[in-house]
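What follows is a single structure, written as structure tokens, with notes after it.
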Amino acid sequence: LDECETDPTLLQIRQSRLAELRQLQSTRAEHLSLGHGQYRTITQDEFLPECTGKSKHVAVHFFHNEFERCKIMDFHLKSIAEEFVECKFVRMDAEKAPFFVAKLKVKTLPTLLVFEEGKEVGRLTGFEGLAMDATKPDEWHTGRLKEWLADKGSIRYERPS
């Protein structure tokens with residue numbers, strides 16, 4: 001054990017790893033301070049500040065309270081938001097945001113838009129491509145949505161082997 005504490009190579013590796021962990025913790029704390037790690041509803045007036053502010057990645061779910069498929073999307077996004085703090089996850093009531101629904105050409109609900117530095121980089125309309133069985137389009141695993149989000153660069157996720 002004493003040898004491990006005095007070996008310059010091991011000390012360098014240890015110091016490097018500690019610095020990396022401190023940086024990761026600092027980045028996580030910054031993300032949490034910006035509203036990451038939670039899934040919340042925003043208003044039309046909050047849309048631009050949320051999507052063009054300090055957060056690099058933002059996922060916006062356009063929903064309707066009475067649509068069952070929007071509730072399914074909410075279920076999956078809530079769990080993803082808590083796990084992947086590198087992306088901010090918000091939802092916006094399409095009925096109360098007609099300007100952005102028109103401007104962003106949201107024609108189907110649910111619609112999930114992913115923004116990187118304020119620019120749209122991904123659009124998921126309905127559950128397009130998420131269902132494993134075409135006869136059961138509303139049944140899909142959260143991992144499918146994680147893969148889609150990772151493909152857009154908004155979260156770091158690798159499918160388990």
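The values are calculated or read from the model by the stated rules, or taken from the named source; none is laboratory data. Note that the coordinates shown come from a computational prediction; the quantities given were computed from them, not determined experimentally. Quick reminder, even Gly has a Cβ in these numbers, built from the backbone with ideal geometry, and neighbours come from all protein chains shown. What goes into the accessible areas is simple: the full protein's heavy atoms, side chains included, and nothing from ligands, DNA or RNA. Shrake-Rupley method; radii C 1.70, N 1.55, O 1.52, S 1.80 Å.
Of the listed requirements (1) more than 27 Å from Lys146 (Cβ to Cβ); (2) open to solvent by less than 20 Å² (accessible area, probe 1.4 Å); (3) not hydrophobic (A, V, I, L, M, F, W, C), Glu5 misses just one: (2).
For the range 107-140: of the residues being assigned to a strand (DSSP E or B) and crowded, with 16+ Cβ neighbours inside 10 Å, which is nearest to the chain's Cα centre (by Cα)?
Filtering the range 107-140 down to residues assigned to a strand (DSSP E or B) leaves 111-116, 119-125.
Add one more test, that the residue is crowded, with 16+ Cβ neighbours inside 10 Å, and what stays is 111-116, 122, 124.
Working: Thr111: 14, Leu112: 10, Leu113: 10, Val114: 8, Phe115: 10, Glu116: 11, Gly122: 12, Leu124: 13 Å.
Restricting to residues being assigned to a strand (DSSP E or B) and crowded, with 16+ Cβ neighbours inside 10 Å, the top hit is Val114.
Among residues that are at positive phi, modelled with pLDDT of 95 or more and either touching a Pro at 6+ places or on another chain (Cβ under 7 Å) or open to solvent by 10 Å² or more (accessible area, probe 1.4 Å) (or both), Lys152 is not included. Taking the range 93-105, which residues are open to solvent by less than 20 Å² (accessible area, probe 1.4 Å) and under 20 Å from Lys152 (Cα atoms)? Listed by number, the list is empty, since nothing qualifies. Contact map, the range 116-132: residues that are within 12 Å of Cys51 (Cα to Cα) and in contact (Cβ under 8 Å) with a residue 12 or more places away in the chain paired with residues that are open to solvent by 60 Å² or more (accessible area, probe 1.4 Å) and not in a strand (DSSP E or B), Cβ distance under 7 Å, separation 6+ or inter-chain. Pairs shown: Glu116/Lys56; Glu117/Lys56; Gly118/Thr52.
Okay, residues lined up against (1) in contact (Cβ under 8 Å) with a residue 12 or more places away in the chain; (2) farther than 21 Å from Trp148 by Cβ:
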site	(1), (2)
Glu20	no, yes
Phe47	yes, yes
Ser55	yes, no
Asp74	yes, no
Val101	yes, yes
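In this structure, does Lys71 turn out to be open to solvent by 70 Å² or more (accessible area, probe 1.4 Å), within 30 Å of Gln23 (Cβ to Cβ) and either among the basic types (Lys, Arg) or touching a Phe, Trp or Tyr at 6+ places or on another chain (Cβ under 6 Å) (or both)? Considered against the rule, which asks whether it is open to solvent by 70 Å² or more (accessible area, probe 1.4 Å), within 30 Å of Gln23 (Cβ to Cβ) and either among the basic types (Lys, Arg) or touching a Phe, Trp or Tyr at 6+ places or on another chain (Cβ under 6 Å) (or both), Lys71 comes out as no.
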